[in-house]
Structure formats: structure tokens, C-alpha cells
1. Please determine whether any residue of segment 256-267 is in contact (Cβ under 8 Å) with a residue 12 or more places away in the chain, aromatic (Phe, Trp, Tyr) and either touching a Cys at 6+ places or on another chain (Cβ under 9 Å) or not in a helix (DSSP H, G or I) (or both).
2. Which of the residues belonging to segment 205-234 are surrounded by fewer than 16 Cβ atoms within 10 Å (Cβ to Cβ) and modelled with pLDDT under 95?
3. Outside the structural domain of residue 169 (by TED's automatic domain parsing), surrounded by fewer than 16 Cβ atoms within 10 Å (Cβ to Cβ), at pLDDT below 80 and not in a helix (DSSP H, G or I): does that describe residue 41?
4. Would it be correct to say that residue 245 is in contact (Cβ under 8 Å) with a residue 60 or more places away in the chain and either out of contact with any Lys or Arg (no Cβ under 9 Å at 6 or more places or on another chain) or assigned to a helix (DSSP H, G or I) (or both)?
5. Collect the residues in segment 45-55 that are in contact (Cβ under 8 Å) with a residue 40 or more places away in the chain and exposed (fewer than 14 other Cβ atoms within 10 Å of the Cβ), keeping them in residue-number order.
6. Mind listing just one residue for me: the one in segment 276-289 that is within 22 Å of the chain's Cα centre (by Cα), outside any loop (DSSP other than H, G, I, E, B) and free of Cβ contacts under 8 Å to residues at least 40 places away in the same chain and, of those, surrounded by the fewest Cβ atoms within 10 Å (Cβ to Cβ)?
7. Quick one: in segment 55-89, of everything that is part of a helix (DSSP H, G or I) and β-branched (Val, Ile, Thr), which residue is modelled with the lowest pLDDT?
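The values are calculated or read from the model by the stated rules, or taken from the named source; none is laboratory data. Predicted model, so just to flag it, every value in this text is computed and none were measured. A quick note on method: Cβ atoms are made from the backbone with ideal geometry, for glycine too, and the neighbour counts reach across all protein chains shown.
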Amino acid sequence: MQKYGPYFRKLRQSKNVTLAELAADTGLTEGFISRFERGQSDITVSRFTALLNALNVAIEEFLLGMREATMDPETLEDYPLARMQANIPFMAFFFDISHVSVGAELDRHIAGAEAACRSKPTRKNHFIWLFYQTMNAILQKPIDNKTLTRAQAPITHYLQQVDNWGVYECYLFIAFTPALGPEMMVRLLRIGLKRSRVLKRSPSHEQIDLQLAVAALTSLMAREEMDAAVQVMKMMNSLEKRNANQVFAIEFFNGWVQIKLGKRETGIATCEHVIKQFSELGLSQWANDFNDILSSLKADPPTNPIFLYSQF
């Protein structure tokens, strides 16, 4: 925990708390606290917790602040998802695929993942290798369904067997949604919504249920699997609504489903109503983002974006 020291010092100074005050509140010596802040001394969890309590800072707040402090402020401003990605570095391999297209670059990713898996045959490395194989299969024309069927089996088996879905399991499901069959998609989503309840108690992940549903829904609609998409939409409608953004976002997805089901005028009107609500609330970024989606749905021919790592 030595690496926490410099950021802790910065945080303490921003709150105008002296070493003497911390020492008095925690029973630790000023010298010990000073060495910890300079990265010269390690610290136990109990002592670190005591220091945070003395600053009136929660551990989750500290860790989030420390991660953001190491990132380029312009990156955080321009790419909101950077915050989420910084909090789950173990998913970096899955995020990288958004910048890769079929061809030599993807082949290098697959070869690298295979080499890592053969060198260290852990489940994590195996799943990364399967993920790149899956993305390659999806990008083929026609889609390589044989590879998809083979690659999905270990993932679906794992997700069905895990008692509680943490961050890794949730984002593993999200990452593989473009490749999952409709029946398995619905089954795993039901499991995920149930087994991620503990995770939702964390302020950082309280909207993970909506993220799971959005990834499943948009992946299904992109493949024209509307029977399964309707089932997912019903699940999304039954989710606990925690803020106005969620309420409006879910209403927009209802409109999107209506458009896909052939109820074009009704669906467009629903989506436009949501965009108007965001604009009236002064949430211009939300309004612009959803307006871009609606424009893609109204285009001829329409496009069907998939949202894997959405933030609502």
C-alpha cells in the first residue's frame, strides 16, 4: 500500500489537515504518517482505514480519486468511459477490441492471446483468447458460426456456475453479448440480474443491471432477434429506476424496440419525446447522444449500434 502514500498526502493537504491532527485522531506518530506519505513505509489495512476515517474519506472515494488522478484530464473530459475503464484494468484486453478491425491487426491480437494462454493456461487468459477468436468470427463474412459455438461454451458454462457475479463476470457477459445465441442471452441475463445484486450495492456499480440489459438488447436487435429482444425489454422495464436518466433511457429503448417491430411512427415519437425531455432538463449531452442514435435508426438503410460499455 506504499503507492497510496503520495496521493493520500495530496488529499490531506487539500483538506487542510495537518500531520499533528492526524496523529492525534489515529494514535499513529507524525513520523510514521510522513514516511507513508513519501512512499517510504508500508501500512496495514487497519491503519490506512484509520487515516481515511480521520480525513472523512471513504475507501471507495479514495481509490476512485487516485485512479482519476493518474489519468489525463483531457481524456476524462472527452471520453466519459475512461473513468469506468480505469476502475476495471483487468478488462483492458476486452476494451482494446473496439479499436481493432479484421485483418493482420486482429490476427496479432489472437496470436498474442494464444501465446499468453499457452504460457500461463489460466481461465482468465483462456477467456481473453476465446474473446478475440469470437470477435474474429463475428467480423467474417459470412459469420463463422462454428467458431462462435465452440468459443462460447466455456464462457456460458462459467457464468452459469458462478454463485455471485462481480464486476468481472458482468463485463465478461457484456463483452460476449454480440456472439451469444438468443436463448442463451436471455438465460444468462436473468442469471446475471439475480446474481449481481450484491455488486449493485456499490455506488460505482449501482446501474450494472441496466448496463447488462442494454448490451443484451442492442446486440439482439442488431441481429434482428426480436422475440428475444422483446423478452429483454420486459426485463429492462422491470428494473428498479434510480434516477430520471434511467427512466428516460429505458423509455428511449422502448421506442427503439417499437421501431424495430415495425411501429415506426410510434417508436420515433417515443424517442423524440425522450430527447425533448433531456433537452428541457439541460442535459444537452444526453440529448445529443440519443439524437445521434435516433438519426441512425431513421437512416436508409438504418444502422443498429451495439452498446457494450454504456454509462447510464
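1. Looking for residues that are in contact (Cβ under 8 Å) with a residue 12 or more places away in the chain, aromatic (Phe, Trp, Tyr) and either touching a Cys at 6+ places or on another chain (Cβ under 9 Å) or not in a helix (DSSP H, G or I) (or both), one finds at least one in segment 256-267, hence yes.
2. 206, 224
3. Against the criterion (outside the structural domain of residue 169 (by TED's automatic domain parsing), surrounded by fewer than 16 Cβ atoms within 10 Å (Cβ to Cβ), at pLDDT below 80 and not in a helix (DSSP H, G or I)), residue 41 does not qualify.
4. Yes.
5. 45
6. Ranking the candidates gives 285 first.
7. That would be 75.
Quick grid of which residues meet (1) aliphatic (A, V, I, L, M); (2) in a helix (DSSP H, G or I):
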| residue | (1), (2) |
| --- | --- |
| 91 | yes, yes |
| 130 | yes, yes |
| 164 | no, no |
| 171 | no, yes |
| 179 | yes, no |
| 191 | yes, yes |
